[in-house]
Amino acid sequence: MAGGMTYTAIDSTALQTAEIYGKALVELGRAHPEVVALTADLAKSTKIGDFMKEFPDRFFNVGIAEQNMFGVAAGMARAGLVPFLSTFSQFASLRAADQLSTDLCYQNVNAKVIATHSGTSFGQAGSTHHAISDLAVTRSLPNLTVICPADGMETYNAVMAAYNTPGPFYIRINRGFDNTLYKGTDYGFELGKAVTVREGTDLTIIACGSCVFQANQAADFLEKADGLKIRVLDMHTIKPIDREAIVKAVMDTRRIITVEDHNVLGGLGSAVAEVVVESGKGCAFKKLGIQDAFAPIGLHEDIMAYLGIDANGIINAVREVMKADFEQDDDWDDEM
Amino acid sequence: MPLSKQEWLALEKKAHELRRLTLDTTYWAGSGHIGGGLSVLDIMTVLYHKYMHIRVDEPQWEDRDRFILSKGHAGIAYAPVLCDLGFNDKEMLKTFNLSGSKMGMHLDSNKVVGVDASTGSLGHGMSIAVGTALAARVLGKGYKTFVVLGDGECDEGSNWEAAMSAAHYKLTNMISFVDRNRCMIDGRTEDVMSLEPFCAKWEAFGFIVKEIDGNNIRELCEAIDFALANETDKPVMIVCNTLKGCGIDFIEDNYLWHYGAFDDEKYEKAIAALEASYAKRVERAEKEGA
């Protein structure tokens with residue numbers, strides 16, 4: 001990890017996730033003159049104002065023109081700069097999808113998209129500003145690394161990993177404050193490797209983004225209330241996904257629940273399901289997320305509760321899966 | 001510097017060779033975007049053979065001038081330009097569009113040496129050019145960025161986002177062209193989606209606009225000289241009135257030849273047409289050149 005990070009959970013409670021990104025970007029800007037920042041009239045919302053103040057000549061606000069921003073970034077990257085582009089996830093993944101695909105991914109340029117207001121985190125703005133399809137879109141773009149950090153600490157690690165790894169990146173972060181999962185940045189973050197937040201043998205919850213904290217809360221409760229040992233994996237890197245951790249979860253716990261603030265079609269749940277099916281090993285499986293519908297308007301936490309991707313929803317899902325009688329399947333032992 | 005007669009004739013000869021190579025590539029490939037390839041060819045010939053600072057033996061030279069063919073379907077003419085310069089083996093042209101080739105109709109900058117941007121999806125090139133030009137400013141480099149759009153391509157709104165930003169950032173190190181051949185796949189530009197008043201649109205977006213005959217080598221050189229000498233803070237757009245299929249009389253100015261194929265008979269006829277066209281152009285250069 002670059003930069004000798006000193007942020008801790010205290011910063012994480014005082015700073016919004018995007019603010020931590022903004023500070024990480026300034027840190028990168030100081031160390032690397034080729035780092036530039038772009039936004040499409042969302043400098044304040046995406047919290048990259050500090051970079052703008054410190055490096056006005058390396059900051060470009062292209063106005064409300066996401067398609068142009070992506071093309072401009074591609075041109076800059078081709079010429080040797082390392083552009084960090086920030087706008088809302090919905091616009092980064094859909095409004096500028098052709099530019100993201102053609103200019104950044106096809107050309108395989110060294111540009112980093114930091115997409116904010118992901119999932120339903122900008123809940124009150126309604127579905128025009130929810131990003132419920134971005135993981136599905138970005139996951140299918142070749143050359144693109146896709147990360148959905150669990151909190152501010154992990155956002156810092158993801159941004160640094162993006163700088164240190166050549167090629168295009170898509171990092172989706174939330175609007176506002178995230179519940180702090182990690183006490184600091186030094187917990188062994190590794191690109192493409194899930195973090196085992198807690199160990200367990202009864203069931204594995206594989207989550208990303210703000211759902212990891214919720215999954216951990218749920219697992220904590222279920223251990224006390226139901227005596228269950230639940231493994232929680234923070235699958236921050238959606239692509240390339242940690243196949244090994246998924247297959248291990250199948251073998252060790254025989255039950256998997258995925259949780260994401262995203263449509264259950266094409267996102268984390270789909271990515272995990274693909275690995276499970278290809279492994280040839282069966283397991284009980286449930287995908288929590290947005291069930292292929294536009295989400296309601298409301299506070300993020302209320303929407304998460306409505307969607308069943310908060311701790312309560314996850315607890316209910318775990319109990320449901322634990323009740324399933326697939327273990328009576330006579331073939332199971334053979335498979336194992 | 002004014003174009004000497006000798007230089008003019010040399011550029012005509014090069015343009016003629018490249019037209020023939022474009023025709024041959026289309027013939028080898030079985031078909032191709034010959035219409036828009038031939039309309040834009042004089043722009044590329046003049047840029048690559050008179051103005052651009054490039055190093056064939058060092059394609060990624062960081063101080064090189066950049067060329068971005070936003071109308072990427074003209075790859076069938078761009079590939080011959082790059083092969084003729086020696087960036088890629090000329091034999092590669094015989095594989096154009098064939099399975100397993102490095103060269104498809106829209107050139108991939110990671111496969112074809114000398115290509116500065118992978119284009120094809122329209123309305124992307126000018127944004128990339130803006131980024132390249134801004135990067136020169138950030139990095140303190142003096143290279144120029146040249147970008148060529150198709151006129152039909154200008155239906156795409158993203159071009160106008162890019163245009164706004166080029167003017168906003170005062171990108172005088174970027175020189176833009178539109179290959180105004182007035183044709184697109186489904187018809188004539190003014191019938192499919194009106195572009196006029198076209199020059200006024202670019203002016204309104206903050207450009208200095210030069211409107212020229214884009215198949216006239218001397219007018220092209222004068223316009224580029226003008227753009228390079230530009231001391232205002234406005235970027236220059238050179239609107240090049242061109243002929244689709246320029247040089248092959250029986251396909252000229254015909255939108256049905258946006259994409260076409262030549263059988264042996266048509267191929268022979270096209271070769272003769274190119275020769276006749278070249279003779280006329282040489283005659284004009286001899287007469288008007290100084």
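No lab work stands behind these numbers, since they all come straight from the coordinates. Here the structure is a predicted model, which is why all the values come from computation and not from measurement. Backbone-built Cβ (ideal geometry, glycine too); neighbour counts: all protein chains shown.
If pairing requires two Cys Cβ atoms under 4.7 Å apart, which cysteines of chain A are left without a partner?
When partners are defined as cysteine Cβ atoms under 4.7 Å apart, chain A leaves A:Cys105, A:Cys211, A:Cys283 without one.
Assuming a ≥ b ≥ c are the square roots of the Cα gyration tensor eigenvalues, decide whether segment B:117-184 counts as rounded (a/c under 1.5), prolate (otherwise, with a/b larger than b/c) or oblate.
prolate
Distance cut-off 29 Å, Cα to Cα: go down the list A:Lys112/A:Lys183; A:Lys193/B:Lys102; B:Lys102/B:Lys141; A:Lys112/A:Lys286; B:Lys234/B:Lys287 and report the pairs above it.
A:Lys193/B:Lys102; B:Lys102/B:Lys141; A:Lys112/A:Lys286; B:Lys234/B:Lys287, as the Cα separations exceed 29 Å there.
Bin by bin, in steps of 5 Å, what percent of the Cα pairs in segment A:109-184 do you find, going until the bin that has the longest distance?
3, 16, 25, 23, 19, 11, 3, 0
Sequence gap at least 6, Cα distance under 8 Å: using those rules, report the relative contact order of segment A:195-323 to the nearest whole percent.
Details: 238 pairs, mean separation 35.3, N = 129.
So the answer I get is 27 percent.
Which net charge results for the neighbourhood of B:Thr95, defined as the other residues with beta-carbon distances under 12 angstrom from its beta-carbon, given Lys and Arg at +1 and Asp and Glu at -1? Working shown, then result.
Working: positive: B:Lys90, B:Lys94, B:Lys102, B:Lys111; negative: B:Asp89, B:Glu91.
Local charge sum for B:Thr95: +2.
I need the phi-derived Karplus couplings for segment A:179-191: 6.51 cos²θ - 1.76 cosθ + 1.60, θ = phi - 60°, integer Hz, Gly and Pro marked x.
Here the 3J(HN,Hα) series is 4, 8, 8, 9, 6, x, 8, 9, 10, x, 4, 9, 3 Hz.
Provide the descending list of Cα extents for segment A:195-257 along its principal axes, expressed in whole angstroms.
35, 26, 14
Using the reciprocal of the averaged 1/r over all distinct C-alpha pairs, how large is the Kirkwood radius of segment A:59-196 in Å?
Value: 15.1 Å, from the Cα pair sum.
To one decimal place, what orientation-averaged projected area in nm² is obtained for the convex hull of the Cα set of segment A:195-323?
Mean shadow area of the hull around the Cα atoms is 7.1 nm².
From the P(r) of chain A, could you give the percentage of C-alpha pairs in the tail past 33 Å?
23 percent
If the cut-off is a Cα-Cα distance under 19 Å, which lysines reach A:Lys281, setting aside same-chain residues fewer than 8 apart in sequence?
Within reach: A:Lys248.
Please report A:Ile10, B:Ile43, B:Ile271 as a ranked list, fewest other C-beta atoms within 10 angstrom at the top and most at the bottom.
Listed from fewest to most nearby Cβ atoms, that is A:Ile10, B:Ile271, B:Ile43.
Per residue of B:132-140, how many C-beta atoms from partner chains lie within 10 Å of its own C-beta, taken as a mean?
6
In whole Å, what are the extents of segment B:1-111 along the principal axes defined by its C-alpha atoms, from largest to smallest?
Principal axes ranked by extent give 45, 30, 24 Å for the Cα atoms.
Mind jotting down the three principal axis lengths of segment A:1-126 based on Cα atoms? Whole angstrom, largest first.
40, 38, 25
For chain B, calculate the relative contact order in percent as a whole number, restricting contacts to Cα pairs under 8 Å that are 6 or more residues apart.
24 percent.
Once you order the gyration tensor axes a ≥ b ≥ c over the Cα atoms, which shape class does segment B:5-288 get: rounded for a/c under 1.5, otherwise prolate or oblate by comparing a/b with b/c? Before the final figure, lay out the partial values.
Details: a/c = 1.41, a/b = 1.30, b/c = 1.08.
Note, shape of segment B:5-288 comes out rounded.
Farthest toward the dipole's positive end in the protein assembly as shown, which of A:Ile297, B:Ser165, A:Gly126, given Cβ charges of +1 (Lys, Arg) and -1 (Asp, Glu) about the Cα centre?
Farthest towards the positive end: B:Ser165.
Can you give the mean number of other chain Cβ atoms that lie within 10 Å of the Cβ atoms in peptide A:59-69?
6
Of the listed peptides A:65-76, A:160-171, A:14-25, what is their order by residue-averaged count of other C-beta atoms within 10 Å, with the highest listed first? Don't skip to the end; give the middle numbers.
Values: A:65-76: 31.4, A:160-171: 21.0, A:14-25: 23.0.
Most protected by this proxy first, the peptides run A:65-76, A:14-25, A:160-171.
A:Lys229 to A:Asp41: FRET efficiency via 1/(1 + (r/R0)^6), r the Cβ-Cβ distance, R0 51 Å, to the nearest 0.05?
Values: r = 49 Å, r/R0 = 0.95.
For A:Lys229 and A:Asp41, the calculated efficiency is 0.55.
How big, in percent, is the set of alpha carbon pairs in the protein assembly as shown lying more than 36 Å apart?
Beyond 36 Å sits 45 percent of the P(r) for the protein assembly as shown.
Quick one: of the DSSP bridges fully inside the protein assembly as shown, what percent are antiparallel, nearest 5?
Percentage antiparallel, nearest 5: 15.
Based on the inverse mean of 1/r over its pairs of different Cα atoms, what is the Kirkwood hydrodynamic radius of segment A:145-246, in Å?
13.9 Å
Between B:Lys94 and B:Glu268, what FRET efficiency comes out of the Förster formula 1/(1 + (r/R0)^6) with R0 = 22 Å and r the beta carbon distance, rounded to 0.05?
0.75
List every residue whose amide H lies under 5 Å from the amide H of A:Leu288, counting only residues 5 or more places away in sequence or on a different chain, with H placed 1.01 Å from N in the peptide plane.
For A:Leu288, whose amide H was placed from the backbone, the distant partners under 5 Å are A:Thr258, A:Val259, A:Glu260.
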